[in-house]
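Bear in mind that the values in this text are calculations on the coordinates, not laboratory data. Here the structure is a predicted model, which is why all the values come from computation and not from measurement. Because the Cβ atoms are built from the backbone with ideal geometry, glycine has one as well, and the counts that use them run over all protein chains shown.
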Amino acid sequence: MERPLYLDCAATTPADPRVAEVVARLLVEEFGNAGSRTHEYGLMAHREVGRARDRVAGTLDAAPDEVIFTSGATESNNIAILGLAAPGVARSKRHIVSTAIEHKAVLEPLAHLAENGFDVTLVKPDRAGHVDADALLAAIRPDTLLISVMHGNNETGALQPITAIADGLPEDGPYFHVDAAQTYGKETPALRHKRIELISVSGHKVFGPKGVGALLVRRRRGNRIPIQPLMWGGGQERGLRPGTQPVALIAGLGLAAELAEKERTRRMEICQRMRKQAIAELSPLAPTIHGDPQRGVLPHILSIALPGIDSEAIMVALKHVVAVSNGSACTSASYQPSHVLEAMELSEDEVAGTVRLSWSHLTGEVPWNTIVSILADLRL
């Protein structure tokens, strides 16, 4: 049976064939341990890790030693948030500001800190899914340790005003962490703001392999941010992420990062055309579209609500045609209402009827006529 067209790129992307080739070569032929410096295999692996670090750093206008390789954005988020807990306690700074629409990889570490004496303020979005920069900045207190804001929402595609937030932060104020899983390699220029000191990156959202990511930890006036490790043993990645470095995956991320930057404009143009076409083709169904284009939305994500039709029914009806979801991969797996859509204060019908379509520059022709016909039949 022919497989449905994949329209869930916000959950994961296919690996670029050029990236897959490098990963395979390093797994099979040049398989040395980057920590083994006594022979050529280890030295070659060490060089591959260094090259990848240079590539990722170059895309973010950062120094190579500010890039820490991790297993993905979830681990990066945990290190950035939980790793600042002890320094925060030592400085009597136990307040954190974030938003109600963050990924669970941010909200759950924040909940853990809240259970252990920290005060967490979650700023709510408007009904389109955007957070107001002034409202977030107004939540800062003298004891605020960290601001953590997702750049592009993984469910709605709504871009958050990270530049305005960064511009409004005092030089010696709270650290600023951005979860850039959805925007790295796409909206990268905004991430180069020097006041954004912590950035989480995921390999499998930028056409690289799963199981690898990065945390950018910028220096502040030449000083390293005092993040503490969550694990110990081996001292790799400046002691913040010990363990044998997955050379093949790291090299894959490095190449994927470089390719994304070189091809970013073309990729974005393709995704923008696809989004415009999707909205036009779906218009007879009069969907509610989440995210305000005037305030910025990701061109590869389209979140729509079809009131009166349950999202589960939509996904079942379309499963042989296209692969779509009703939220983040984590939320979809739990069969719970989306916390993002609930934070936007949408009606129960809108929450229940929301599906997410997400594509990439590698996506083929979308059978919109078939999709619209199936969805129209659901309303009969």
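For region 291-308, the Karplus equation 6.51 cos²θ - 1.76 cosθ + 1.60, evaluated at θ = phi - 60°, returns couplings of x, 9, x, 5, 9, x, 9, 6, x, 9, 10, 10, 9, 10, 10, 10, x, x Hz by residue, with Gly and Pro reported as x. Comparing GLY254, GLY129, GLY42 in a Gaussian network model of the chain where C-alpha atoms under 10 Å apart are linked, the largest mean-square fluctuation is found at GLY42.
More than 19 Å apart: what percent of Cα pairs in region 128-199 qualify?
On the way: 718 of 2556 pairs.
Summing the P(r) tail past 19 Å for region 128-199 gives 28 percent.
Note on region 17-262: with charges restricted to the Cβ of Lys and Arg (+1) and Asp and Glu (-1), its dipole about the Cα centre is near 380 debye. When exposed loop sites are taken as chymotrypsin sites (Phe, Trp or Tyr not before Pro) in a DSSP loop with at most 15 other Cβ atoms within 10 Å, the longest stretch of the chain clear of them is 32-231. Across region 198-209, coupling constants 3J(HN,Hα) worked out from phi with the 6.51/-1.76/1.60 Karplus curve, θ = phi - 60°, read 10, 10, 9, 10, 10, x, 7, 9, 10, 6, x, x Hz, and Gly and Pro carry x. Per the Cα gyration tensor, region 195-348 maps to an equivalent ellipsoid with semi-axes of 36, 20, 18 Å, ordered largest to smallest.
Beta bridges assigned by DSSP with both partners in region 17-262 are antiparallel in approximately 40 percent of cases. The relative contact order of region 238-380 comes to 29 percent, based on Cα pairs under 8 Å that sit 6 or more residues apart. Within the listed set GLY252, GLY168, GLY291, the Gaussian network model of the chain (springs between alpha-carbon atoms below 10 Å) gives the highest mean-square fluctuation for GLY168. Database remark: amide H of THR70 closer than 5 angstrom to the amide H of GLY213, ALA214, LEU215 (H placed geometrically; neighbours at sequence offset of 5 or more, or on other chains; Pro and chain starts carry no H).
Here the spin labels are modelled as points 7 Å beyond Cα on the Cα-Cβ line, and at VAL89 and ALA313 they lie 5.2 nm apart.
Helix content alone sets the calculated 222 nm mean residue ellipticity of the chain: runs of n ≥ 4 DSSP H residues at -39500 (n - 2.57) each, divided across all residues, give -11000 deg cm²/dmol.
When only C-alpha pairs under 8 Å and at least 6 residues apart count, what is the relative contact order of region 17-262, in percent? Show your work: numbers first, answer last.
Values: 479 pairs, mean separation 68.0, N = 246.
Contact order relative to length: 28 percent.
For the chain, the longest principal axis of the C-alpha atoms and the axis of helix 368-378 are separated by about 60°.
Between the Cα long axis of helix 73-82 and the first principal axis of the chain there is an angle of about 60°, rounded to the nearest 10. Please enumerate, by chain and number, the aspartates and glutamates with C-alpha under 14 Å from the C-alpha of LYS210, excluding those fewer than 8 residues away in the same chain. Within the straight-line limit of under 14 Å, LYS210 reaches these aspartates and glutamates: ASP16, GLU75. Charged side chains reduced to their Cβ positions (Lys and Arg at +1, Asp and Glu at -1) give region 129-264 a dipole of some 500 debye around its Cα centre.
Note on the chain: GNM, Cα springs under 10 Å; of ALA280, ALA181, ALA343, the largest mean-square fluctuation is that of ALA280. Global dimensions of region 17-262 from alpha-carbon coordinates: Rg and Dmax equal 17.9, 59 Å. For GLY235, the amide hydrogen comes within under 5 Å of the amide hydrogens of GLY243, counting only partners 5 or more places away or on other chains and with H modelled in the peptide plane.
Note on region 1-29 and region 72-145: Cα centroid distance 33 Å, given to the nearest whole angstrom.
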